[in-house]
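The values are calculated or read from the model by the stated rules, or taken from the named source; none is laboratory data. Everything numeric in this text was worked out from a predicted model, so none of it was measured. Cβ: placed from backbone, ideal geometry, glycine included. Neighbour counts: every protein chain shown. All accessible areas refer to the heavy atoms of the entire protein, side chains included, with ligands and DNA or RNA removed. Shrake-Rupley method; radii C 1.70, N 1.55, O 1.52, S 1.80 Å.
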Amino acid sequence: MPKFIFGLISLLAVNFFMYFYVLLRIAEFLDIKNKTFLFILAFFTSILIIPATILIGKNNNILTQWFYRFSGILMGVFFLSFVSLFFFRILSIILIFPLKNLEFAAFGVAFVLIVYSFYNARNISVETVKIDDFGKKMKIVQISDLHLSSESSNGLSEIVDRINIIDPDIVLITGDMVSQDTPITEKTFHLLKNLNAKSYFVTGNHEYYIHEEKVSEIIENSGVKVLRDQVDIFHGVQIAGLKYRHDKKKTIEALSSLELDQDKPVVLMNHIPLDHRDKRIKLTVSGHTHNGQIVPFNLLVRLTTKYIKGLYRLENGYIYVSPGTGTWGPPMRLGSKNEITLYDLR
């Protein structure tokens with residue numbers, strides 16, 4: 001617990017500095033002298049995510065959902081503003097250039113980055129991954145990390161339609177369908193019933209944090225098979241799914257305990273990229289990382305996991321990490337993209 005508290009305080013301190021710096025630069029630009037007001041404003045806005053998270057945990061309704069989303073958007077806007085303003089501050093020092101002359105450029109770049117990030121987060125691309133030595137011809141689609149809200153759940157219709165146009169053999173959903181502001185109701189997930197292909201789901205950390213069993217039950221009622229450390233066979237291919245565990249050692253133990261037929265290729269679904277050495281697995285599909293979602297967080301992700309995004313070759317197979325089909329926190333993406341992954345297996 002002391003380690004968690006220290007981490008939380010450190011994070012809040014960094015967040016406060018970021019908010020205060022941006023507000024200070026705006027005040028300088030507008031020639032506002034009242035620094036005390038800026039300090040108080042920075043303090044309360046930087047911790048806004050805490051009461052927003054507490055309130056939505058107590059009562060998930062339209063007001064708390066919007067409050068939670070607003071606090072997330074604020075974090076994204078302030079972060080990109082900080083990056084731009086701080087970069088131009090350093091640039092003015094290196095070039096020995098008057099900062100006043102660069103302020104318009106700094107605010108202009110911040111504005112462009114923010115607008116582009118919102119726009120980029122609304123687009124979804126289809127990434128095709130070809131594997132020629134899988135051992136069975138099959139077309140698989142993976143979606144991951146949708147983090148549905150009452151607003152973004154409407155976008156699920158487009159995702160389902162695009163998957164049906166691809167016409168895969170099966171669909172794999174590798175966790176984090178929900179977020180703190182997701183209404184855990186049949187209405188949120190009912191569009192999954194429109195998927196034409198057989199579909200599978202494994203839980204992610206956000207299902208684990210919020211209401212794992214209830215989410216799994218509703219998704220299963222939507223026609224998607226939930227795999228909880230289980231194996232299903234589809235047209236000669238074994239689809240194995242591990243439920244989310246915080247403990248990596250226990251996840252490895254659960255994988256080892258799966259009864260698999262070595263004569264049939266195996267696709268493993270696991271939310272967090274798992275650095276396993278199980279030679280029975282031909283393809284592992286994961287998500288979780290979002291590829292950092294907003295640069296330079298992709299660099300920080302590298303400190304926590306070996307596999308960040310894309311296809312990696314293992315000893316006897318492959319692991320693919322999806323950057324996610326949706327966003328978490330601010331609905332923004334910079335240096336990453338939302339993705340529907342199509343596996344062309346041979």
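Structure values in brief
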quantity	calculated
Assigned charges on the beta-carbon of Lys, Arg, Asp, Glu; the range 127-246 dipole about Cα centre (debye)	360
The range 274-346 - accessible surface per residue (Å², probe 1.4 Å)	39
In Å², nearest 10: area of LYS249 left accessible to a 1.4 Å probe	140
The chain: translational diffusion in µm²/s, Stokes-Einstein, Kirkwood Rh over Cα pairs, 4 °C, 1.567 mPa s	60
Cα lying deepest toward the dipole's positive end in the range 156-206, options ASN196, ILE163, THR174, charges on Cβ	ASN196
Per residue convex hull volume, Cα atoms of the range 97-230, in Å³	174
GluC sites (Glu not before Pro), loop per DSSP, at most 16 other Cβ atoms within 10 Å - longest free stretch of the chain	1-150
Solvent-accessible area per residue for the range 1-155 (1.4 angstrom probe, square angstrom)	60
Taking the convex hull of Cα positions in the range 1-51, its mean projected area over all directions (nm²)	3.7
Too-long pairs where the Cα-Cα distance tops 28 Å, listed order kept, from LYS58/LYS306; LYS58/LYS337; LYS139/LYS279; LYS136/LYS309; LYS139/LYS250; LYS137/LYS225	LYS58/LYS306; LYS58/LYS337; LYS139/LYS250
Cα-based convex hull, the range 51-161, per residue volume (Å³, whole number)	190
Rounded to the nearest 10 Å², the accessible area of LEU12 at probe 1.4 Å	50
Beta bridge orientation in the chain: antiparallel %, DSSP, nearest 5	30
Segment ILE9-VAL115, length gained on full extension (0.36 nm per residue, minus Cα span)	35.1 nm
Student exercise, the range 137-190 dipole from Lys, Arg, Asp, Glu Cβ charges, in Debye to nearest 20	220
Between the range 153-185 and the range 319-335, the Cα center-to-center distance that results, in Å	14
Hits among aspartates and glutamates - C-alpha to C-alpha of LYS264 under 15 Å, sequence gap 8 or more where chains match	ASP133, ASP232, ASP278
